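Asks: Can you read through this structure? Questions will come right after.
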Amino acid sequence: MRSERPGVAGLVAARRGQDDVALVEGASGRALRWSDVAERAARWQAAVDDGVLPAGGRVGLRVADPLEMGAGYLAAVAAGLAVAPLDPSAPLPELCAAADDLGLGAVVGGPEEIEPAAGALAGAGVGAWSSEDGGVHRLGPPGRPGAPGRGAALVLASSGTTGRPKLIPLTEAQLLHTARGVVDHHGLTPRDRGYSPLPLFHINGLVVGVLASLVGGYPLVVDRRFSASGFWEVVGRHEVTWVNLVPAIISVLADADPPAEEVARRVAFARSASAPLPVATLEGFEAATGIPVVETYGMTEAASQVTANPRPPGRRRPGSVGLPVGLDLRVVDGDRRPPPAGEVGEVEIRGDSVVGSYWEPAGSGGGDRPARHADGWLPTGDLGYLDPDGYLYLVGRADDVINRGGEKVYPREIEEVLLADPDVAVAAVVGRPHPVVGEEPVAFVLPRAGHPVDHDALRAALAERCESRLGRFRRPAEIFVASSLPQGANGKIRHAELRRQLARTSSGGTRG
């Protein structure tokens, strides 16, 4: 009989006596060793054993220091807590609202994040605790008990496609299943060293970054934020062998000074996730750096990774997010039947990493909502198609599809055309109401930094490009050249916010 694989506590305990580096801050070079992580885990466990933190309860983690955030997350999960990572830069009203939705009894943070928030949290009935020196110290009243963790190791809030708040609870087994899939699929070993300059209050940074490094036993370089000016210097100084990125970062690096040849030669691949990667951006990055890109697709409901292209020298397909990793995936039509290869439908997934239910916000009763259909498949809300070899191609979100006179227009097919222009860095397409055809596509573009362009000339060039490459009903009715676009912390364009902006302005509104 096969022995059960160790959980986070077992993996951390196994490395307690090791002096190997676990986490390194890229900018400063500060480091925590696995023995330091194990010591923090012991302190968190003692806090639970002593009743300082609720056994199995929900605890928020609000830490800007990436070393302490990464180590604190592992320590909290090892102690059996349900961890809710929180944006350390969020204003206090947003923090308190999140704590209420998540049902938190306590928020633990570094002194710089938690001390200014202690009063507001206390007013909301939430205890504030400092994680200074790797321990857990109460700053004020203990606060309410908080909702039970119910076996979750990570709880994240999402508004979903309807705008209704929902909580996504992931168990330790689900998280480790995905982390092991990342390590195995990418062929990572203790000889590797990753670099993930992504925020640690998102699923990608925590699972693909921190948790995978624990499973794989290799050091992980982290930073508070991405910096293009010092990126390749950090990669070279820390002898990084792979980088964990998002399309927005890849786009910036494609236009930045390239890495030194010896640095690029050491980096086996750049991993792209969190948003669709335009083919033009992928090709531009690879041409500029000589580093191959492994495009992937993930979602919080699957503990991050869902599909991935093979690591070089495996066959990667630009424009595709690759093949399923560690779970089942299919594309279905409106009757939930698989269409012929190449036809667009909704992506569904099922497997050991896929969440079974959503939690309602604690303030509205905290009940469950099934996440899957009765047959076990979870509808992702993403639209795409499979090629004959099973590679997945995404075309957009179900709620982003534009219905123009009965014809379906998928934003990504227009965005790819716009991004092929060398003066365009970012493109986003959304639907705008139309009195006759129902909706029409409208495009927003950001010019590349360092590429001064005349906005009228760029609009004319892009309109001509769309006319020559797209059918009439797919061409944008209007193209806005913007100075900025609403983006999340992971670089994903907020299409819903763009639609709201359009609703507030006429078709002749500001073009940047």
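Asks: Any residue that is in the same structural domain as ALA477 (by TED's automatic domain parsing), outside any strand (DSSP E or B), of a type in the set (Lys, Arg) and at pLDDT below 95 - is there at least one of those in segment 396-409?
Replies: Checking segment 396-409: not a single residue is in the same structural domain as ALA477 (by TED's automatic domain parsing), outside any strand (DSSP E or B), of a type in the set (Lys, Arg) and at pLDDT below 95.
Asks: Considering only segment 477-511, state which residues are touching a helix residue (DSSP H, G or I) at 6+ places or on another chain (Cβ under 6 Å), assigned to a loop (DSSP other than H, G, I, E, B) and either farther than 24 Å from HIS202 by Cα or at pLDDT 85 or above (or both).
Replies: PRO486
Asks: Hey, among ALA248, ALA287, ALA275, which residue is part of a loop (DSSP other than H, G, I, E, B), of a type in the set (A, V, I, L, M, F, W, C) and either surrounded by fewer than 17 Cβ atoms within 10 Å (Cβ to Cβ) or modelled with pLDDT under 95 (or both)?
Replies: ALA275
Asks: Does any residue of segment 214-226 turn out to be within 23 Å of VAL426 (Cβ to Cβ), assigned to a loop (DSSP other than H, G, I, E, B), outside the structural domain of ALA157 (by TED's automatic domain parsing) and among the acidic types (Asp, Glu)?
Replies: Yes: one or more hits.
Asks: Residues to consider are GLU94, GLU4; find the one that is over 14 Å from VAL210 (Cα atoms), surrounded by fewer than 20 Cβ atoms within 10 Å (Cβ to Cβ), under 25 Å from the mean Cα position of the chain (by Cα) and free of Cβ contacts under 8 Å to residues at least 24 places away in the same chain. Walk me through it before giving the result.
Replies: Details: GLU4 fails: under 25 Å from the mean Cα position of the chain (by Cα).
Only one candidate qualifies: GLU94.
Asks: Select from segment 118-131 the residues that are out of contact with any helix residue (DSSP H, G or I) (no Cβ under 6 Å at 6 or more places or on another chain), hydrophobic (A, V, I, L, M, F, W, C) and closer than 18 Å to PRO85 by Cα and list them in ascending order. Give the steps one after another, and end with the answer.
Replies: Filtering segment 118-131 for residues out of contact with any helix residue (DSSP H, G or I) (no Cβ under 6 Å at 6 or more places or on another chain) gives 118-119, 121-123, 125, 127, 129.
If we keep only those that are hydrophobic (A, V, I, L, M, F, W, C) too, we end up with 118, 121-122, 129.
Hits for segment 118-131 are ALA118, LEU121, TRP129.
Asks: Among the residues of segment 38-59, which ones are surrounded by 15 or more Cβ atoms within 10 Å (Cβ to Cβ) and either touching a residue at least 60 places away in the same chain (Cβ under 8 Å) or on the phi > 0 side of the Ramachandran plot (or both)?
Replies: GLU39, ARG40, ARG43, TRP44, ALA47, VAL52, LEU53, PRO54, GLY56, GLY57, ARG58, VAL59
Asks: Scan segment 440-495 for residues that are charged (D, E, K, R) and touching a strand residue (DSSP E or B) at 6+ places or on another chain (Cβ under 6 Å) and jot them down.
Replies: Residues of segment 440-495 that are charged (D, E, K, R), as a first pass: 440, 448, 454, 456, 459, 464-465, 467, 469, 472, 474-475, 478, 492, 494.
Residues satisfying the conditions are GLU440, ARG448, ARG459, ARG474, GLU478.
Asks: Assess whether ARG337 counts as being without any contact (Cβ under 8 Å) to a residue 40 or more places away in the chain, loosely packed, with under 14 Cβ neighbours inside 10 Å and of a type in the set (Lys, Arg). Working first, answer last.
Replies: On the way: without any contact (Cβ under 8 Å) to a residue 40 or more places away in the chain: yes; loosely packed, with under 14 Cβ neighbours inside 10 Å: yes; of a type in the set (Lys, Arg): yes.
Taking the combined requirement at face value, the residue satisfies it.
Asks: Here's something else I'd like to know. Could you identify the single residue in VAL332, VAL344, VAL355 that is buried (at least 20 other Cβ atoms within 10 Å of the Cβ) and assigned by TED's automatic domain parsing to the domain that holds ALA371?
Replies: Numbers: VAL332 fails: buried (at least 20 other Cβ atoms within 10 Å of the Cβ); VAL344 fails: buried (at least 20 other Cβ atoms within 10 Å of the Cβ).
Result of the check over VAL332, VAL344, VAL355: VAL355.
For every residue, the table says whether it meets (1) closer than 30 Å to LEU175 by Cβ; (2) surrounded by fewer than 21 Cβ atoms within 10 Å (Cβ to Cβ).
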position	(1), (2)
SER227	yes, yes
VAL240	yes, no
PRO258	no, yes
GLU262	no, yes
ARG271	yes, no
GLU283	no, yes
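Asks: Further question: Picking from PRO312, PRO379, which residue would you name as being outside the structural domain of LEU102 (by TED's automatic domain parsing), over 19 Å from GLU416 (Cα atoms) and modelled with pLDDT of 95 or more?
Replies: It is PRO379.
Asks: Here is a list: ALA270, ALA228. Which entry is in contact with a Ser or Thr (Cβ under 9 Å, 6 or more places away or on another chain) and under 23 Å from ILE203 (Cα atoms)? Walk me through it before giving the result.
Replies: Working: ALA228 fails: in contact with a Ser or Thr (Cβ under 9 Å, 6 or more places away or on another chain).
So the residue among ALA270, ALA228 that is in contact with a Ser or Thr (Cβ under 9 Å, 6 or more places away or on another chain) and under 23 Å from ILE203 (Cα atoms) is ALA270.
Asks: Output yes when any residue across segment 191-206 is crowded, with 16+ Cβ neighbours inside 10 Å, in contact with an Asp or Glu (Cβ under 6 Å, 6 or more places away or on another chain) and aromatic (Phe, Trp, Tyr), and no when none is.
Replies: Yes, because at least one residue in segment 191-206 is crowded, with 16+ Cβ neighbours inside 10 Å, in contact with an Asp or Glu (Cβ under 6 Å, 6 or more places away or on another chain) and aromatic (Phe, Trp, Tyr).
Asks: Also, I was wondering about something else. Output the qualifying pairs, or none if there are none: Cβ atoms under 7 angstrom, residues six or more apart or on different chains, first residue in segment 364-386 and closer than 25 Å to VAL321 by Cα, second residue among the polar types (S, T, N, Q) and in a strand (DSSP E or B).
Replies: Short answer, once both residue conditions are applied: ALA371/SER357.
Asks: Okay, moving on. For segment 292-315, state whether one or more residues are in contact with a helix residue (DSSP H, G or I) (Cβ under 6 Å, 6 or more places away or on another chain) and charged (D, E, K, R).
Replies: Looking through segment 292-315, at least one residue is in contact with a helix residue (DSSP H, G or I) (Cβ under 6 Å, 6 or more places away or on another chain) and charged (D, E, K, R).
Asks: Still on this structure: Quick one: LEU175 ticks every box in (1) outside the structural domain of VAL210 (by TED's automatic domain parsing); (2) surrounded by 19 or more Cβ atoms within 10 Å (Cβ to Cβ) bar one, so which box is it?
Replies: (1) is the only condition that LEU175 fails.
Asks: Here's something else I'd like to know. Restricting attention to segment 452-473, does a residue exist that is surrounded by 15 or more Cβ atoms within 10 Å (Cβ to Cβ), assigned to a strand (DSSP E or B), small (Gly, Ala, Ser) and not assigned by TED's automatic domain parsing to the domain that holds VAL252?
Replies: No, because not a single residue in segment 452-473 is surrounded by 15 or more Cβ atoms within 10 Å (Cβ to Cβ), assigned to a strand (DSSP E or B), small (Gly, Ala, Ser) and not assigned by TED's automatic domain parsing to the domain that holds VAL252.
Asks: What residue, among those in segment 60-76 that are touching a residue at least 40 places away in the same chain (Cβ under 8 Å) and aliphatic (A, V, I, L, M), is surrounded by the most Cβ atoms within 10 Å (Cβ to Cβ)?
Replies: The first filter runs over segment 60-76 and keeps only residues touching a residue at least 40 places away in the same chain (Cβ under 8 Å), leaving 60-75.
Next, from what is left, pick out any that are aliphatic (A, V, I, L, M): 61, 63-64, 67, 69, 71, 74-75.
On the way: LEU61: 27, VAL63: 25, ALA64: 18, LEU67: 21, MET69: 28, ALA71: 27, LEU74: 28, ALA75: 30.
Checked segment 60-76; the qualifying residue surrounded by the most Cβ atoms within 10 Å (Cβ to Cβ) is ALA75.
The values are calculated or read from the model by the stated rules, or taken from the named source; none is laboratory data. The structure displayed is predicted, hence computed values, not measured ones. Neighbour counts run over all protein chains shown; Cβ positions are idealised from the backbone, glycine included.
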